[in-house]
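Worksheet: the structure to be examined is printed underneath.
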Amino acid sequence: MIVMINGSFGVGKTTVARLVHDAFPRSAIYDPEWAGICLMRLPKWIKLKGSGTDDFQDIDLWRRSAIMGTRLFRFFVSGPVIVPMTFTDRVYYDEVVKGLRAIDPELRVFCLTASLVTVKKRLAGRGTENSGSDTDWISRRIQECAEAHRDPHFGELVDTEELTANEVAEEIVKRLHRPGAASC
């Protein structure tokens, strides 16, 4: 099984992914962000389709690597592969979800939500500046997430506003075990 955890920067995806991982023996976490960071650091003379923006999701190779990396992890683990990602672009989201469903038709996608105020507080709590000079990118992105993630198109909504990370993970695990849900 593949479990994608979508949500804003600072909403708790990585923490929740770790807790969900702990709940399933033989599971693994695959974070495609690392491939994106590497692609963004390539020299300018290496031309990749979609490069040149401030978002690695614009790079076609990154979207393919998100799918292929998940496929690779799926091959090596017998439990769920948990994939934390932040999507607000429907086209990119649909492309990656389509690719993941080709690997695993029982793909489950959860979208963690919280108010913009809560996300800013959580980012500040982990030491990430989200207002003031030199924070245009993160400010813009968390605003995009707050708007886009009201839409259930981006996954089964999980309101994290008043919940701890443990409670959010427990909710996801509970949903994964519901009758009719894919087996883990």
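Considering Val91, Val83, which residue is exposed (fewer than 15 other Cβ atoms within 10 Å of the Cβ) and within 29 Å of Lys120 (Cα to Cα)? Please lay out each step first, then the result.
Details: Val83 fails: exposed (fewer than 15 other Cβ atoms within 10 Å of the Cβ).
Selected residue: Val91, the only one of Val91, Val83 that is exposed (fewer than 15 other Cβ atoms within 10 Å of the Cβ) and within 29 Å of Lys120 (Cα to Cα).
I want to confirm something. Restricting to segment 135-184 and keeping residues that are part of a loop (DSSP other than H, G, I, E, B) and surrounded by 14 or more Cβ atoms within 10 Å (Cβ to Cβ), which single residue is modelled with the lowest pLDDT?
Step one: of segment 135-184, the residues part of a loop (DSSP other than H, G, I, E, B) are 135, 149-151, 155, 160-164, 177-184.
Okay, now just the ones that are also surrounded by 14 or more Cβ atoms within 10 Å (Cβ to Cβ), so 135, 149, 155, 160, 163, 182, 184.
Values: Thr135: 64, His149: 89, Gly155: 94, Thr160: 92, Leu163: 91, Ala182: 49, Cys184: 43.
Here the answer is Cys184.
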All conditions in (1) crowded, with 17+ Cβ neighbours inside 10 Å; (2) more than 18 Å from Arg141 (Cβ to Cβ) are true of Lys98 except (1)
Just the residues that are among the aliphatic types (A, V, I, L, M) and touching a strand residue (DSSP E or B) at 6+ places or on another chain (Cβ under 7 Å), please, taken from segment 2-37.
Ile2, Val3, Met4, Ile5, Val11, Val16, Ala17, Val20, Ala28, Ile29
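If the requirement is being closer than 22 Å to Arg141 by Cβ and in contact (Cβ under 8 Å) with a residue 40 or more places away in the chain, which of these qualifies: Pro32, Pro25?
Details: Pro25 fails: closer than 22 Å to Arg141 by Cβ.
Testing whether each residue is closer than 22 Å to Arg141 by Cβ and in contact (Cβ under 8 Å) with a residue 40 or more places away in the chain leaves just Pro32.
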Extreme residue, modelled with the highest pLDDT, among residues of segment 45-73 that are surrounded by 20 or more Cβ atoms within 10 Å (Cβ to Cβ) and within 27 Å of Ser139 (Cβ to Cβ)
Ala66
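I'm checking my understanding of the structure. Among residues of segment 13-38 that are in contact with a Ser or Thr (Cβ under 6 Å, 6 or more places away or on another chain) and crowded, with 18+ Cβ neighbours inside 10 Å, which one is modelled with the lowest pLDDT? Lay out the reasoning, then the answer.
Here is the first cut: in segment 13-38, the residues in contact with a Ser or Thr (Cβ under 6 Å, 6 or more places away or on another chain) are 21, 26, 30, 35.
Keeping just the survivors that are crowded, with 18+ Cβ neighbours inside 10 Å gives 21, 30, 35.
Values: His21: 96, Tyr30: 95, Ala35: 80.
Selected residue: Ala35.
The values are calculated or read from the model by the stated rules, or taken from the named source; none is laboratory data. Bear in mind the structure is a predicted one, so any value in this text is a computation, not a measurement. Here the Cβ is made from the backbone with ideal geometry for all residues, glycine too, and neighbour counts use every protein chain on show.
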